[in-house]
1. State all residues of the stretch 14-32 that are within 26 Å of residue 170 (Cα to Cα), away from the ligand (no atom under 13 Å from the Cβ) and either assigned to a strand (DSSP E or B) or not acidic (Asp, Glu) (or both); if no residue qualifies, say none.
2. Test residue 143 against the criterion of being out of contact with any helix residue (DSSP H, G or I) (no Cβ under 7 Å at 6 or more places or on another chain) and under 19 Å from residue 92 (Cα atoms), and give yes or no.
3. Tell me the residue from 38, 120, 105 that is outside the structural domain of residue 247 (by TED's automatic domain parsing), more than 16 Å from the ligand (Cβ to nearest atom) and part of a strand (DSSP E or B), please.
4. Out of the stretch 225-284, which residues are hydrophobic (A, V, I, L, M, F, W, C) and either free of Cβ contacts under 8 Å to residues at least 40 places away in the same chain or more than 29 Å from residue 202 (Cα to Cα) (or both)?
5. Quick check: is even one residue across the stretch 224-240 modelled with pLDDT of 95 or more, closer than 22 Å to residue 159 by Cβ and in contact with a helix residue (DSSP H, G or I) (Cβ under 8 Å, 6 or more places away or on another chain)?
6. If you take the residues in the stretch 75-94 that are assigned to a helix (DSSP H, G or I) and buried (at least 20 other Cβ atoms within 10 Å of the Cβ), which one is farthest from the chain's Cα centre (by Cα)?
7. Against the condition surrounded by fewer than 16 Cβ atoms within 10 Å (Cβ to Cβ), on the phi > 0 side of the Ramachandran plot and either at pLDDT 95 or above or within 16 Å of the ligand (Cβ to nearest atom) (or both), how does residue 154 come out, does it pass?
Amino acid sequence: MNKDEENKGTQRQDGTIVYSSETEGKRGIIFPSPIFGPIHSRRLGVSLGINLLPGDGKVCSFDCIYCECGYNKSFPPHQKFPTRTAVRQALQAKLQEMKEQGPKPDVITFAGNGEPTMHPRFADIIDDVIQLRNEYFPKAKISVLSNATRIFRQDVFDALLKVDNNILKIDTINPDYIRLVDRPISTQYNIEKIIHRMAEFQGKCIVQTMFMRGTHKGKDVSNVSDEFVLPWLEAIQLIRPSEVMIYTIDRTTPSPLLEKATPAELDNIGDRVQSLGIPCQVSY
Ligand code: SF4
């Protein structure tokens, strides 16, 4: 692939653009904004995506080395965040179309090109989406995938309490590992404070954790050993989420030497969560 093709990426039928540089660098998927999909998955069923980030790049308060959207610096956006009105209108049009032509959505998922709670009108948009969901497909669930960096904002916290699946990421509680793998943009990021704030959801949250193996810039990034799992289990006990979701590398990652955790490792961790009396969903 020459440099021009690499920089342009390949547009799929659903509007996502896949960039697949062979080397570490411009690798990732950029989703259309504000609505994408529906995507059919075995686990979620029919999922309609809401991307509150700009449609031509990535905006996130983390810069995970495994992010399917790629590194922040590889995809700087030129467009703005979609407005509240634009999100509302696009969602209404899509739900109307799905009502007339199918398929019926099982879930409406806030995901896409970064961290959804960074949208300045996130809380208002949640209210709009709940209202439209109730009007068109009252049985569909609303899920938000978030890295939890903005849960100290009261409006974000309250909005997350209103959705069916408030899915918050914690990959580890080891600060060095967080700096190596999740790479929060803010130097103020404090995992202890995040854990205590998550406990304030009083069970109305789901913890999502990436387990993996491999290396990044010559450093081991495996987090499947007891050194990482035991303190993480303590954090889970403190948060008491309604559920835990653990998963592993599934697609091309911007950092090239990451590897999947094995099914046996994931099952073992899943069993230890279940033994705390908390349901755990494992994706291989
Ligand atoms: S938090 Fe999510 S969107 Fe942000 S960098 Fe990590 S994987 Fe990507």
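1. Within the stretch 14-32, the subset within 26 Å of residue 170 (Cα to Cα) is 24-31.
After this cut, where a residue has to be away from the ligand (no atom under 13 Å from the Cβ) as well, the list is 24-26.
Those that are within 26 Å of residue 170 (Cα to Cα), away from the ligand (no atom under 13 Å from the Cβ) and either assigned to a strand (DSSP E or B) or not acidic (Asp, Glu) (or both): 25, 26.
2. Numbers: out of contact with any helix residue (DSSP H, G or I) (no Cβ under 7 Å at 6 or more places or on another chain): yes; under 19 Å from residue 92 (Cα atoms): yes.
The answer is yes for residue 143.
3. Values: 120 fails: part of a strand (DSSP E or B); 105 fails: part of a strand (DSSP E or B).
Being outside the structural domain of residue 247 (by TED's automatic domain parsing), more than 16 Å from the ligand (Cβ to nearest atom) and part of a strand (DSSP E or B) holds for just one of 38, 120, 105, which is 38.
4. Our first condition is that a residue be hydrophobic (A, V, I, L, M, F, W, C); within the stretch 225-284, this holds for 228-230, 232-233, 235-236, 238-239, 244-246, 249, 257-258, 261, 264, 266, 269, 273, 276, 278, 280, 282.
Listed by number, the residues that qualify are 230, 244, 246, 249, 257, 258, 261, 264, 280, 282.
5. Step one: filter the stretch 224-240 for residues modelled with pLDDT of 95 or more, giving 224-240.
Next, only the ones that are closer than 22 Å to residue 159 by Cβ stay: 239-240.
From the residues that got through so far, the ones that are in contact with a helix residue (DSSP H, G or I) (Cβ under 8 Å, 6 or more places away or on another chain) too are 239-240.
Yes: the stretch 224-240 contains one or more residues that are modelled with pLDDT of 95 or more, closer than 22 Å to residue 159 by Cβ and in contact with a helix residue (DSSP H, G or I) (Cβ under 8 Å, 6 or more places away or on another chain).
6. So the first thing to find is which residues in the stretch 75-94 are assigned to a helix (DSSP H, G or I), and the list is 84-94.
Next, from what is left, pick out any that are buried (at least 20 other Cβ atoms within 10 Å of the Cβ): 87, 91, 94.
Numbers: 87: 19, 91: 20, 94: 22 Å.
Result: 94.
7. Working: surrounded by fewer than 16 Cβ atoms within 10 Å (Cβ to Cβ): yes; on the phi > 0 side of the Ramachandran plot: no; either at pLDDT 95 or above or within 16 Å of the ligand (Cβ to nearest atom) (or both): yes.
No, not satisfied.
The values are calculated or read from the model by the stated rules, or taken from the named source; none is laboratory data. Quick caveat: nothing in here was measured; it's all calculated off a predicted structure. Heads up, the Cβs are rebuilt from the backbone with ideal geometry, glycines too, and the neighbour counts pull from every protein chain shown.
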